[in-house]
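Just below is one structure, and these are the notes that go with it.
Only the coordinates and a few stated rules stand behind these numbers; no lab work does. These numbers were taken from a predicted model, which means no experiment stands behind them. A quick note on method: Cβ atoms are made from the backbone with ideal geometry, for glycine too, and the neighbour counts reach across all protein chains shown.
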Amino acid sequence: HSTDTLADDRNQRLFERAQALIPGGVNSPVRAFRAVGGTPRFIQRAQGAYLWDANGQRYIDYIGSWGPMILGHGHPAVVEAVQKAALEGFSFGAPTEREVELAEEILRLVPSMEMLRLVSSGTEAGMSAIRLARGATGRPKIVKFNGCYHGHADSLLVKAGSGLATFGHATSAGVPPEVVQHTLVLEYNDVAQLEEAFALHGSEIACVIMEPIAGNMNFVRASVPFMQRARELCTQHGALLVLDEVMTGFRVALGGAQSLYAQQIPGFAPDLTVLGKVIGGGMPLAAFGGPRAIMEQLAPLGPVYQAGTLSGNPVATACGLATLREVARPGFYERLGERTRSLVQGLEGAAREVGLPFCTDSQGGMFGFFLLPQLPQDYPQVLRTDGPRFNHLFHGLLGRGVYVAPALYEACFVSAAHTEEDIEATVAAAREVFAELVRS
Ligand code: PMP
């Protein structure tokens, strides 16, 4: 890889400095390249679809900050909005007009939500939604699915895919068993298990939380029958259905994944929705929301406490609003979806040419690819991937200037800034690496 042959490798020097100061040299585990090996790229700047590392090496970026950068980096309208907001003040700890505007914009686009509250990370939003579900129902138990990640709050940090999976942990140290005793973990897309859980614990279940398209075990869709049955069981038993759309919200469609399920399941809507990533456009911003009667259980109106010094931050809300105004333009998701499909079809074609088992799925600007003959439906099936082969693919692409997620448990992202030339260059790079893979 280019960086390993440089006499003065600035990525490596920065990584050594960072490792002495920050655990693993990173502020979020998957950035460390632990699974794939090698030196993490320290990013110096980004523009459009590209990242440049500390050595000045350019990469076509399919991580997009793990989802938020749907317009690409440095979109002029977003930069202008952020600059203007920064001049007006960073944080007031008092309400602002922009929070109201952002709430109006999100609620207009996601009709299942009547009210929302803004927070600063997906973790906070998921954790708060769970507390609200428990507070509103007066019940203790939550159902989550193997391979779904909802942030690192204690009760949710069980079989949570993503970084935990990358490092081979079922759950985190530091979470006592009593803290997760009310968390039921079921297999994704398994209707029978869900029915059994409700048959056994129905009156104690506060909510079912799920990623509608799971992006923390690569890319696995909830089947329509599974989603439909989850909705029915929650309604029958008085539990809340919580859709974690931190990744899928404003990424797979303007109305999130829930808008796609609503097209196939008459009257479908979740009770609570969790959002993050795109709604902040790259700034720390997330939200959770739902029907008025449930949301009014939150402090200061109700007994469920939740708060934040930087919640609804004026610079972050400016960034999010400017981003949402761009994605709400007619045809945005159609164009983004076409670009993404053109990428995954190109990759599949290149793999087919050399007889490599390979499959992909995508929706809007989100995609997954697997070194498997067919798409997995749950986490154990994702695990059938050959890790060393994935690592070879990752480094082969990285060395050719294409930056995909450094772990096989992560979805990838295309932005509106990716051009057809970027897609072609990516497929050309993949063609070379695929040829290496079938020879090795
Ligand atoms: N939920 C989902 C579905 C996510 O993908 C993530 C982050 N990847 C989170 C929650 C947590 O968000 P954050 O990292 O902003 O805390």
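One table, with the values for the structure above:
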item: 10 Å Cβ shell holding at most 16 others, DSSP loop, chymotrypsin sites (Phe, Trp or Tyr not before Pro): longest site-free stretch of the chain; result: 168-304
item: Computed [θ] at 222 nm, deg cm²/dmol, the chain (DSSP H ≥ 4; -39,500 (n - 2.57); rounded to nearest 500); result: -12000 deg cm²/dmol
item: Spin-label pair Arg292/Lys84, simplified geometry with 7 Å Cα→Cβ offset, distance in nm; result: 3.2
item: Using alpha-carbon coordinates, inclination of helix 387-399 to the longest axis of the chain, degrees; result: 60
item: Reachable aspartates and glutamates from Lys141, criterion Cα separation under 16 angstrom, eight or more residues apart if same chain; result: Asp154, Glu178, Glu195, Glu196, Glu204
item: Under Karplus coefficients 6.51, -1.76 and 1.60, residue-wise ³J(HN,Hα) of the range 232-237 in Hz, glycine/proline x; result: 4, 5, 4, 4, 4, 9
item: Sorted by Cβ density within 10 Å, fewest first, the residues Asp378, Asp244, Asp53; result: Asp378, Asp53, Asp244
item: Net lengthening on full extension, Leu310/Arg329 (0.36 nm per residue, minus Cα-Cα); result: 3.9 nm
item: Euclidean distance of C-alpha centroids, the range 22-59 and the range 386-440, integer Å; result: 15
item: Computed Kirkwood radius, in angstrom, where 1/r is averaged over Cα pairs of the chain; result: 22.3
item: Sparse-neighbour loop sites [trypsin sites (Lys or Arg not before Pro); the range 343-440; at most 14 other C-beta within 10 Å; DSSP]; result: Arg384
item: Whole-Å distance, taken between Cα centres, linking the range 312-383 and the range 240-306; result: 20
item: Length gained when the stretch Arg229-Leu107 is fully extended (0.36 nm per residue, less Cα-Cα span); result: 41.3 nm
item: Nearby lysines by direct alpha-carbon distance to Lys144 (threshold 30 angstrom, same-chain neighbours under 8 apart not counted); result: Lys159, Lys277
